[in-house]
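Here's the structure we're looking at; comments come further down.
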Amino acid sequence: MSEPCFTLDGEDVPFVPGDTLLQAARRAGHYIPHLCWHPDFRAHGSCRICTVRVNGRMAAACAVQASEGLAVENHTEELDAQRKTLLQMLFIEGNHFCPSCEKSGNCLLQATAYQMGMEGPHFEEFYPDRPVDASHPDILLDFNRCILCELCVRASHEIDGKNVFAIAGHGIGTHLVVNSDSGQLGDTDMALTDRAAGICPVGVILPKRRGFVIPIGERRYDQDSVAEPGRQEAS
Amino acid sequence: MLHFPRHRNSLVQLLREAQEQHGWLPRPLLADLARELGLTLAQVEGVASFYRFFHLQPVGRWRVLFSDNITDRLLGSEALMAQLCERLRVKPGEMRTDGRVSVAATSCTGLCDQGPALLINHQLVITRLDAQRVARIAELIESDTPASSWPAEWFRIDDNVRRADVLLGQPIAAGQALAAALARGPAAMLEEMKRSNLRGRGGAGFTTGTKWALCREAAGSERVVVCNADEGEPGTFKDRVLLSRHADLVFEGMTIAAAAIGAKQGLVYLRGEYRYLLEPLRETLQRRRDAHLLGTAIQGHDGFDFDIDIHLGAGAYVCGEESSLIESLEGKRGTPRIRPPFPVQQGYMGRPTTVNNVETFCAAAHIAVQGGDWWAAIGTPKSTGTKIHSVSGDCERPGLYEYPFGTRIGRILEDCGARDTQAVQVGGPSGVCLSAFEFGRRIAFEDVPTAGAFMVFDRSRDMFEVARNFAHFFAHESCGFCTPCRVGTALVVKRMDKLAQGHGSRHDVDVLYELDKLMHGATHCGLGATACNPLRDTIAKFRPAYERHLKSLYFEPAFDLDAELSVARQITGRDDPASHLETAE
Ligand SMILES: Cc1cc2nc3c(=O)[nH]c(=O)nc-3n(C[C@H](O)[C@H](O)[C@H](O)COP(=O)(O)O)c2cc1C
Ligand code: SF4
Ligand code: SF4
């Protein structure tokens, strides 16, 4: 009996019942660009970078259940251009000065932008005012780069059992908050060994005093493109 | 804390009741609540900061919110708000230093037929504002006169039913429809609903009988009936009138749904703007319990137990989207869920849940009495029955108009006394904008679908300003969850404001088109997907309105590059042609 399959850009992709399009595609070695999806967590569906065309209709590949015979378009000119625009939106919404960022070369947002051929911001910058939280002895929070993927929220809740983070506000004012009376990370029980400390795909949650231990040029995405298996998401 | 159990599912209700007592929500209060409910302070802060009506900073003891729908603006609300601010010496959005008053704008309050309107302390509504009223309000606030001794006339809310058909014109005695449904039995009632081909009146138009059947068949023992009374779409106020005049019928429709799907629990999600309806609705519920129309063994049917609670929203349009509404009912931020699972499979607290619009439940009650075939004979084949329209804007007789589906736009315009009409916005900002050459089109799912709003604009109006008002609305109401809507709606506002200030060019119009296309396909829910509809329609149909706002037909940056160089020219003492940027003409 042959496995059930859907097609991705014309190629057969096998799946097991319960798979989403993204899960099945990734297992088969395909790259559907994504930021807020991570194999250790349930689908979130907020970044929308994984938007594909399923039987002609747009949908987030992380959220759509795979089923027999679906025709999925992934790398079309239109979809990749749309991804580029979504990435540009994330860049201008925050403050991303890649050359001075410790995450540069290890950053999923930056690597995905390279992969999608993004060369400039395209839209006017928002330059939001987002103060840095340096209150914790071992961890720095630079909110300027937060893309609201909620991976830290999920990791802290589901794996660390600590609920250090939450999302607050609405609309363009949506932002990450820290759980303590002062709102400062230094007043939480967060530890550098927590899963939440390592999962941020961009340069918000950073270990202190480790800056540039691995020189730029030798980092994760300096070596391999984000499309490579094993490089598609943050650790 | 009278009404709600101290449980995390009640968080939004508990926050609202706490704020009614304290005026605002100080951080220690959030911390207490968090401790009691087993949540973190950050989680409670996350919920409280999601809803526009919750205040995490002190606000005036008098909190005045002007309704900011385009219909209020057509009636002069902006100038009136400026007058009130001036008289009270307070800046919009800020609290006066003595803590007495704050004045701000809010999204449509559902009183477009008697605007301009405002809300006081989220409890009281003043309609038909004018300069005189505003001057008196300022005096009464200044002298701290309790609202109970303000002129009662100010708080009058009219129903303005101008054309009644089945729903507004054929009363049903309390209990009559339910008795008919129970006599039929659940299976036959579902059959009747399917035969009626009634489609949901909340906008999406899903067949109600099918939704109920799916809910009934879904795995799970406890089922829930939810009435969507969020009515957040600007320009819509039909559900307000149904809830004031026909509350019994709404609850009866919910009870019929409960019988049909096998539910014991009913919830009404009432928008925060309709806070003043809460007590009358609770009284109606009590009357129905006393009459054995709710509670245990309803109308003597052993085993048929069902009751209804009312949850109040707190100012968030997106909570009208059914999965956000369920999140909000569970005390969370109103972020739409990923589907599947659909609410009919796993909704409120994971239970199979049917969410229907207020008008849908009224229609169901009528179908219980008169049968599915009767309903199906009204309207058009794919849009059966009647539809209530909330008519406002430039017309002589704003109010409610109920027609069978298939009615011409032009007919509605004639009936409401609209003259020299330039455009009609049908279905609210997320609907369609029709220009004069389309007034022969018909209201129906086959042609022009609608959730109920019908806003009229005559030729004196600037359709660009209409679209700009809607753009601000969507940006203000975006839940902020997904990238395209969170950032896209903010970018649209920036472009529209730039055009309004006369700095725009055709390039900006092109970018607006591009954003529309992106948001249509890429957003997580319908809010972002439809946010650019009015833009696209007005650009296509009222292009001159945009071009009047363009400084140049070519690219125009948000600042003047050449002017930026004037300092450099001063320093170098140059002003020759070569020291100026080449400007494209
Ligand atoms: C952003 C958004 C806002 C909505 N607001 C409302 C609303 O205020 N009232 C309503 O009945 N439906 C609203 N809906 C539609 C609901 O999601 C849902 O389809 C409807 O309540 C189902 O009821 P029906 O089947 O009776 O139409 C909204 C949908 C979206 C996407
Ligand atoms: S801090 Fe990092 S992990 Fe957390 S939401 Fe922001 S981008 Fe995502
Ligand atoms: S489109 Fe996205 S951001 Fe906008 S309201 Fe829906 S889920 Fe929230």
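At-a-glance table
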{"quantity": "Inter-chain shielding of B:473-479 (mean C-beta neighbours from other protein chains, 10 Å cut-off)", "calculated": "2"}
{"quantity": "Dipole magnitude (debye, nearest 20) for the protein assembly as shown, charges at Cβ of Lys, Arg, Asp, Glu", "calculated": "1260 debye"}
{"quantity": "Protein accessible surface hidden between A and B, which excludes ligands and nucleic acids, total in Å², probe 1.4 Å", "calculated": "3100 Å²"}
{"quantity": "Cα gyration tensor shape for the range B:391-536, rounded if a/c is under 1.5, else prolate or oblate", "calculated": "prolate"}
{"quantity": "Using θ = phi - 60° and Karplus 6.51 cos²θ - 1.76 cosθ + 1.60, couplings along the range A:208-222 (whole Hz; Gly, Pro as x)", "calculated": "7, 6, 10, x, 6, 4, 9, x, 4, x, 10, 8, 2, 8, 6"}
{"quantity": "Farthest positive-ward along chain A dipole, Cα basis, beta-carbon charges - from A:P39, A:G10, A:A60", "calculated": "A:P39"}
{"quantity": "DSSP beta bridges in the protein assembly as shown [antiparallel fraction, %, rounded to 5]", "calculated": "60 percent"}
{"quantity": "Length gained when the stretch B:E191-B:R543 is fully extended (0.36 nm per residue, less Cα-Cα span)", "calculated": "121.8 nm"}
{"quantity": "The range B:146-199: translational diffusion in µm²/s, Stokes-Einstein, Kirkwood Rh over Cα pairs, 4 °C, 1.567 mPa s", "calculated": "85 µm²/s"}
{"quantity": "Rounded, prolate or oblate (a/c below 1.5 giving rounded, otherwise prolate when a/b exceeds b/c) for the range B:421-503 by Cα gyration tensor", "calculated": "oblate"}
{"quantity": "Averaged over A:175-184, number of beta-carbon atoms from partner chains that fall within 10 Å", "calculated": "4"}
{"quantity": "Beta bridges per DSSP with both ends in chain B, % antiparallel, nearest 5", "calculated": "45 percent"}
{"quantity": "Distance from the range B:476-540 to the range A:63-126 (C-alpha centre basis), Å", "calculated": "19 Å"}
{"quantity": "Whether the range B:479-524 is rounded, prolate or oblate, judged on the alpha carbon gyration tensor where a/c under 1.5 counts as rounded", "calculated": "oblate"}
{"quantity": "Largest to smallest accessible area among B:K498, B:K238 [probe 1.4 Å]", "calculated": "B:K498, B:K238"}
{"quantity": "Order by protection proxy (mean Cβ within 10 Å, highest first), peptides B:195-205, B:274-284", "calculated": "B:195-205, B:274-284"}
{"quantity": "Value at 222 nm in deg cm²/dmol, rounded to 500, when DSSP H runs of n ≥ 4 in chain A each add -39,500 (n - 2.57)", "calculated": "-5500 deg cm²/dmol"}
{"quantity": "Cut-off under 5 Å, modelled amide H: who pairs with B:D458 long-range", "calculated": "B:D394, B:Q422"}
{"quantity": "Cleavage-rule hits (GluC sites (Glu not before Pro)) in the range B:399-489: DSSP loop, at most 13 neighbouring Cβ within 10 angstrom", "calculated": "B:E446"}
{"quantity": "Amide N of the range B:208-232 lying under 19 Å from the label point, which is placed 7 angstrom from the Cα of B:H7 along Cα→Cβ", "calculated": "B:220-227"}
{"quantity": "Accessible area of the protein assembly as shown belonging to carbon and sulfur atoms, whole % at 1.4 Å probe", "calculated": "51 percent"}
{"quantity": "Cα convex hull volume per residue for the protein assembly as shown (Å³)", "calculated": "198 Å³"}
{"quantity": "For q = 0.11, 0.12, 0.22 Å⁻¹, Debye-computed log10 I/I(0) when each Cα of the range B:99-184 counts as one equal scatterer", "calculated": "-0.50, -0.55, -1.12"}
{"quantity": "Residue-level accessible surface for A:E11, protein heavy atoms, 1.4 Å, Å²", "calculated": "110 Å²"}
{"quantity": "Rh (Kirkwood; distinct C-alpha pairs) - chain B, Å", "calculated": "25.3 Å"}
{"quantity": "Mean-position separation - Cα centroids, the range B:332-361 and the range B:123-148, in angstrom", "calculated": "40 Å"}
{"quantity": "Per-pair calculated FRET efficiency, R0 = 41 Å: B:R506 and B:D307 via Cβ, rounded to 0.05", "calculated": "0.10"}
{"quantity": "Kyte-Doolittle at least 0.5, axis length at least 20 Å by Cα - qualifying DSSP helices, chain B", "calculated": "B:247-261"}
{"quantity": "Simple Cβ-charge dipole of chain A, Lys/Arg +1 and Asp/Glu -1, about Cα centre, in debye nearest 20", "calculated": "220 debye"}
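The values are calculated or read from the model by the stated rules, or taken from the named source; none is laboratory data. In this text the structure is predicted, and so the values were computed from the model without any measurement. All Cβ positions, even for glycine, are placed from backbone atoms using ideal geometry, and neighbour counts span all protein chains on display. For accessibility, only protein heavy atoms count, side chains too; no ligands or nucleic acids. Shrake-Rupley method; radii C 1.70, N 1.55, O 1.52, S 1.80 Å.
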